[in-house]
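Please read the structure below before turning to the comments.
The values are calculated or read from the model by the stated rules, or taken from the named source; none is laboratory data. Only a predicted model underlies this, so the values are computations on that prediction, with no experimental measurement involved. Methodologically, a virtual Cβ is constructed for each residue, glycine included, from the backbone with ideal geometry; neighbour enumeration extends over all protein chains shown. Quick note on the areas: whole protein, heavy atoms, side chains included, nothing else; ligands and nucleic acids left out. Shrake-Rupley method; radii C 1.70, N 1.55, O 1.52, S 1.80 Å.
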Amino acid sequence: MVELFIMEYLTVLYMMMAFLFMDSRYSRRRTIFIVSCVTLLLMAAVAVLYRSVDLDTAFWTYAMTIHIPLILLFFSLSRFRGWRLIFQQLSVVLFCTLIHHGAALFYYLSGSRFWVMVLSYAVLSAGVIWFLIRFLRPLFFQILLQLHRGWWLICLVMATYYIIAVYLVPGYAGFDPGGTFLKPAIGLLMLGVYSILMFYFTSIRKESEARHDAQLSALQLSALQSRREAVKAAEDAIRTERHDLRHRLQTVAELVSRGDTDAALDFLDAAQRRLDEQKAIRWCRPPVLDAVFSSYFGQAQNQGISVEAKIALPDILPVDEGELAIVLANALENAIHANLALPQEQRCIRCKMVGNPGIMLELSNPCAEDVVFDSNGLPSARQEGHGLGVQSISAFCRKNGAVCHFDQTDGWFRLQMVL
């Protein structure tokens, strides 16, 4: 019965680790339900396997009994595909195997005392799960989005450990002296490799945060500079109009003295329109967002792109204004680039954004070509180095719990975001 306990406990542990390492496409409740159902089915399958074959065969086939359904589970639920999905799978196997080998070693050293094994499993599992939730899981999900190359090499190293520890080293840890000592030793070596990998991931995250801060600073500086130039141009125009006011008043006085009031009123209306045209437009109250709107709407109009905007935002936003400004800058820049492929009479950007009851954004523009969407509903880049703006928007939504939707209908590409 000790062997059955080990296999059933490891089954539960595998599924728990799978939930921690998986970035599911579905809601948390639905994901928990699916993982729980799969766990119960696998526990039943393990019990049948234990009673149907001899102990050595059960141990040998247990890995495939669990790992193949685990791969299928990741493939069905995970947002990621390719090598990143394999990395998620191998990470689950690595940490579960380390827990098992450590507990099996304590079990062997204690003289095969059952309570020592149970306590070892509980302590090691609690420690590893705490480390995953507290440190590794947040870093893990960030790196899955930020690192786009080299996953195959990382998976190759981890797969080598998996093959050696599970299939090449004889014996089952805890029941065979050779396997009991050799497998934990290999596990410690792999733990060192994984620690180096975590250091590498941390460096990538710090580099990404530094780029983000630099991008935010550059965006704020550029947008505020654009706003300053617009205000200065408006002030210069008003100063010129004020200088010419004396001449206009003399003209109006002369027209009135002649009794030509209609001409005088038309003259005053024309002067008023010129003043209104020079007035700086303020799109919203938050200063950085206002500067971003002014900068990119100005760029669009200079490219012959008409802008239809309705924006109503409060002074205080529920998210970081700088991060939201980067999202808007990326979205508007993509809309401008898409418009440049169209004839000038078809160019248009429509932007609607409100702040109550929550932040809701809809940005649309005509599109010359059909947009290809990936399995996550995100637009796929056609060229290497493109698509970073969409990734930035997606990362912002993941961080702040926003819902983001891209679609193309009737030749119009739309971005909708609700926060």
(message) What FRET efficiency comes out for Ser52 versus Arg414 if R0 is 45 angstrom and r is the Cβ-Cβ distance? Round to the nearest 0.05.
(response) 0.20
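Take the alpha carbon gyration tensor of the range 288-383, find the square roots of its eigenvalues, order them as a ≥ b ≥ c, and report rounded if a/c is under 1.5; if not, report prolate when a/b exceeds b/c, else oblate.
Oblate is the answer for the range 288-383, as a/c is 1.5 or above yet b/c matches or exceeds a/b.
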(request) Figure the gain on full extension for Leu72 and Val319 (residue separation times 0.36 nm, minus the Cα-Cα span) and round it to one decimal in nm. (result) 85.2 nm
(request) Quickly rank 317-325, 191-199 as a protection proxy: mean count of other C-beta atoms within 10 Å, highest first. (result) 317-325, 191-199
(request) Please give the per residue accessible area of the range 327-372, computed with a probe of 1.4 Å over protein heavy atoms only, in Å². (result) 47 Å²
(request) Find the accessible area per residue for the range 69-147; the probe is 1.4 Å, ligands and nucleic acids are left out, and the unit is Å². (result) 44 Å²
(message) How large a share of the accessible area of the range 302-418, in percent, is made up of carbon and sulfur atoms when the probe is 1.4 Å and the other protein chains stay in place?
(response) 48 percent
(message) What does the extension gain come out to for Ser27 and Ser380, with contour length at 0.36 nm per residue minus their alpha carbon separation?
(response) 124.7 nm
(request) May I ask you to compute the full-extension gain from Asp370 to Phe114, defined as 0.36 nm times their residue separation minus their alpha-carbon distance, rounded to one decimal in nm? (result) 85.8 nm
(message) Just to be sure I understand: of the beta bridges DSSP finds with both ends in the range 305-419, what percent are antiparallel, rounded to 5?
(response) 75 percent
(request) Go from 0 up to the bin containing the longest alpha carbon distance in the range 25-141, width 5 Å each, and give me the % of pairs per bin. (result) 2, 10, 14, 18, 24, 17, 10, 5, 1, 0
(message) Please list, by residue number, everything in the range 318-355 whose backbone N is under 12 Å from a paramagnetic label point 7 Å out along Cα→Cβ of Ser306.
(response) 344-350
(request) Express the carbon and sulfur contribution to the solvent-accessible surface of the range 6-48 as a percent, rounded to the nearest whole number, probe 1.4 angstrom. (result) 72 percent
